[in-house]
Amino acid sequence: NNTKTYTIILQPDCPNHHTVVGHDSFACVCTEQQPCAPVESPKRTAAGIVTKWESGRDGARLRKQTLHFDKLDIHELETCAGSDNQLHFRVNRDVRYQEIFGFGGAFTDASGINLEKIGPKLSDQILRDYFSSDGLEYNVGRIPIGGSDFSARGYSLDDTPEDKTLKHFNLTHEDIDYKIPYIQKAKQLATHEIRLFGSPWSAPAWMKTNNNLVNGGSLKGPVGSEYWQIWAKYFIKYLNAYKAHNISHWGITVQNEPYANTRWNSMLWTPESMRDFLIKNLGPELERNGYGPDKLKVMIWDHNFDKVEEWVHTIFADKTASKYAAGTAIHWYSHLPQTMLDKPYVEHPDKFILATEACIDNGIKMGSWNNAEQYAQDILQDLIHHTIGWVDWNLVLDTQGGPNWVQNFVDAPIIVDYGKQPHVYYRQPQYYALAHFSKFLPPGSVRVDTNIVDQRNTSAMVGAFRTPNKSTVVIVVNNDNNDVELTIEDTKTGRLATKVAAKTIQTYVYYD
């Protein structure tokens, strides 16, 4: 029984004023009769006017305020000195870094099961919350190739033993019922083109050394031999099968979490085996079938970023492997700093880094602002350290954090509750954390320089960006328990002195 009981209270900043209280904050309640309010897009303002959006532990959910730059000569200004907690930085738009690719989430079986179960009206509403101009305006989607732990069962797309010609390869009912319909609907609703990429959790059991879909194992035989070539052809079958449903892929990752030996679908790789698979099997097979490097972006690694240096060095050092791989995929499950991404970027600036999976992996924490803080901090740190985008894990989970066939329950930005009549769903705090980035940084935005002038007694973080519509976006994350006096200087505009409340995320937008 996945039904849980929550207390609903009134909260002025929450859409329709309805929330459920939990942990240190609250989640917003959305129903068919009272849908959650649209997420407002920034609108062009006159030069010198700044629009601030704020979300915080103590109540704000994208609360909007209008501020103004002063008109003084910035070279004559001194650091704001009204508090012991200071963050003063200078935005230099002329110093540019990586282009932003986008933000999104994963079309897992679990998400599709929940969307189907909650009914067509609320499922459409949820997809609007993510993809439409009234929502987060997601433009990236991850698709598990076959099953994952967030399925109702363990499976691949060809479980017929020793089917070496892949005669019995076929999309499953999960693809047909839980993935494809919602991908197609999201494409119809989306503000931006949705760039989709697939990730396999495991080859079929009969291709593997342990003859099992789970508990690791690797492909049989040496790299380049029979089963490795069959596995490369499996990718082609998958890409073509989705194309038959008018769903094209922007990219793929070679393997989800190649170091994971788990009780759900998993398969083990080394940097050397992935390099050689690209060279001998996957790269040539993709190219022969019209999915060459100019058509499909192949990503290596797709696991925790603490091992990224070794994998990037091993694979991209080979010219042929490098030809077939466009970038590196990373997951957030690491306690190490994102500075570990700096060296791979410096060594291979022509290869992008994309964050492809994140979740709070200890079950549902309804209303937890700490979850939102973890999201916001990770996204901003990733962007500061050269990633081009950030992709969340499940789009939609139930109140238990599933379904999941091995009970590996986690949290998600939207939680459905079909134990209530009529059905409802909840926008968790991390939904609003994501909005501070995805809503204001459209594809083609560029990170620009933020030079710290003075930072004392605070760990608050800041990043700045230029968008294709000529706006400047500044994002500040204050996870401290104290307010911070904030000073934004822009070398072309002026200075803004304001405050960042404790436990708060802020996004500032201004135009030339």
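Values in this text are rule-based calculations from the coordinates and carry no lab data. As the structure is a computational prediction, the values presented were derived from the model and not from experiment. Note that we place each Cβ from the backbone using ideal geometry, even for glycine, and neighbour counts take in every protein chain shown.
If R0 equals 45 Å, the separation of the Cβ atoms of Val446 and Asn210 corresponds to a calculated FRET efficiency of about 0.45. Apply the a/c threshold of 1.5 to the C-alpha gyration tensor of region 233-289 and tell me whether it is rounded, prolate or oblate. Oblate, because a/c is 1.5 or more while a/b does not exceed b/c. Cβ crowding within 10 Å ranks Lys43, Lys220, Lys164 as Lys43, Lys164, Lys220, fewest other Cβ atoms first. Dipole magnitude for region 239-367: computed about the Cα centre from +1 point charges on Lys and Arg Cβ and -1 point charges on Asp and Glu Cβ, it is near 380 debye. Each of Lys295 and Ala241 was given a label point 7 Å from its Cα along the Cα-to-Cβ line. The distance between the two points is 1.9 nm.
Dipole of region 405-507 computed with +1 at Lys/Arg Cβ and -1 at Asp/Glu Cβ about the Cα centre; of Asn451, Phe440, Gly463, farthest Cα towards the positive end is Phe440.
Please give the calculated 222 nm ellipticity per residue for the chain, where each DSSP H segment of at least 4 residues contributes -39500 (n - 2.57) and the sum is spread over every residue; nearest 500 deg cm²/dmol?
My calculation for the chain gives -6500 deg cm²/dmol from helical runs alone.
Rounded to the nearest 5, the antiparallel percentage of DSSP beta bridges internal to the chain is 60%.
Working from label points 7 Å from Cα in the Cα-to-Cβ sense, the Glu162 to Arg263 distance is 3.2 nm. Remark: Thr209, Thr450 ranked as Thr209, Thr450, counting other beta-carbon atoms within 10 Å and listing the fewest first. Residues whose amide H comes within less than 5 Å of that of Lys297, counting only those at least five positions distant or on another chain, are Gly251, Ile252 (H built at 1.01 Å from N in the peptide plane). Only the Cβ atoms of Lys and Arg (+1) and of Asp and Glu (-1) were treated as charged; on that basis the dipole of region 22-68 about its Cα centre amounts to roughly 280 debye.
Taking square-rooted eigenvalues a ≥ b ≥ c of the alpha carbon gyration tensor, is region 366-459 rounded, prolate or oblate, where a/c under 1.5 means rounded and, failing that, a/b exceeding b/c means prolate? Prolate shape, in that a/c is at least 1.5 and a/b is the bigger ratio.
Projecting the Cα atoms of Trp206, Phe169, Leu115 onto the dipole axis of region 112-224, where Lys and Arg carry +1 and Asp and Glu carry -1 at the beta carbon, places Trp206 farthest toward the positive end. Scanning residues 5 or more positions from Leu441 or on other chains, none has an amide H under 5 Å from its amide H, with H placed 1.01 Å from N in the peptide plane. For region 308-418, the square roots a ≥ b ≥ c of the C-alpha gyration tensor eigenvalues yield an a/c of 1.5 or more together with a/b exceeding b/c, which makes the shape prolate.
Computed over Cα pairs, the Kirkwood radius of region 437-512 leads via Stokes-Einstein (0.692 mPa s, 37 °C) to a diffusion coefficient of 251 µm² per second.
Neighbours of Gln381, meaning other residues whose beta-carbon lies under 15 angstrom from its beta-carbon, give a summed charge of -4 when Lys and Arg score +1 and Asp and Glu score -1.
As a proxy for reagent exposure, Arg44, Arg447, Arg90 were ordered by neighbouring Cβ count within 10 angstrom, fewest first; the result is Arg44, Arg90, Arg447. Amide H to amide H distances under 5 Å link Val453 with His88, Phe89, Arg90, where only residues 5 or more positions off or on other chains count and H is placed in the peptide plane. For region 374-464, the antiparallel share of DSSP beta bridges with both residues in that region comes to about 60%. With 0.36 nm allotted per residue and the present C-alpha distance subtracted, the Ser248-Thr491 stretch has 83.2 nm of extension available.
Shown is the FRET efficiency for Asp361 and Arg44, computed with R0 = 45 Å from the Cβ-Cβ distance and rounded to the nearest 0.05: 0.65. Of (i) 23.6; (ii) 28.8; (iii) 24.6, which is the value of Kirkwood radius over Cα pairs in Å derived from the coordinates here? Computed from these coordinates, Kirkwood radius over Cα pairs in Å corresponds to label (i).
I'd like the antiparallel share, as a percent to the nearest 5, of DSSP beta bridges with both residues in region 119-259. Counting DSSP beta bridges with both partners in region 119-259, the antiparallel share is about 10 percent.
Taking a sphere under 11 Å around the Cβ of Pro422 and counting the other residues whose Cβ falls inside, with K and R at +1 and D and E at -1, yields a net charge of 0. For Val453 and Ser133, the difference between the fully extended length at 0.36 nm per residue and the C-alpha to C-alpha distance is 111.6 nm.
A straight Cα-to-Cα reach below 18 Å connects Lys439 with the lysines Lys43, Lys52, Lys64, Lys187, Lys470, residues fewer than 8 places away in its own chain not being considered. Other residues lying with their Cβ under 10 Å from the Cβ of Glu257 contribute a combined charge of -2, Lys and Arg counting +1, Asp and Glu -1. Placing dummy labels 7 Å off each Cα toward the beta-carbon, the span from Glu287 to Thr339 is 4.0 nm.
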